[in-house]
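Before any comments, here is the structure.
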Amino acid sequence: MLIDNKIRLAALAPFVAASLMACTTVKLEGGEKPIEVNLNVKIDQEVRVKLDREIEDLIADNPDIF
């Protein structure tokens, strides 16, 4: 009889633990000041376009270069 009760208790223990964990409340609070992200990005496409055009002109002027 005593062994049967221990087996039942061992079998129920994971279910009891899982149900207690399901009742846990987690509360997240942010700070008073907002998060500030400063991105200092400069996009310079014009330089690449000019460089690509110069390379195309060089290849056109010198077809034996490659």
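The values are calculated or read from the model by the stated rules, or taken from the named source; none is laboratory data. These numbers come from a predicted model, not from an experiment. Counting neighbours? That spans all protein chains shown, and the Cβs are built from the backbone with ideal geometry, glycine included.
Quick notes on this structure:
- Criterion violated by K50 - all others in (1) exposed (fewer than 10 other Cβ atoms within 10 Å of the Cβ); (2) assigned to a helix (DSSP H, G or I); (3) modelled with pLDDT under 75 satisfied: (1)
- Test for K6: is it at pLDDT 75 or above, among the basic types (K, R) and assigned to a loop (DSSP other than H, G, I, E, B): no
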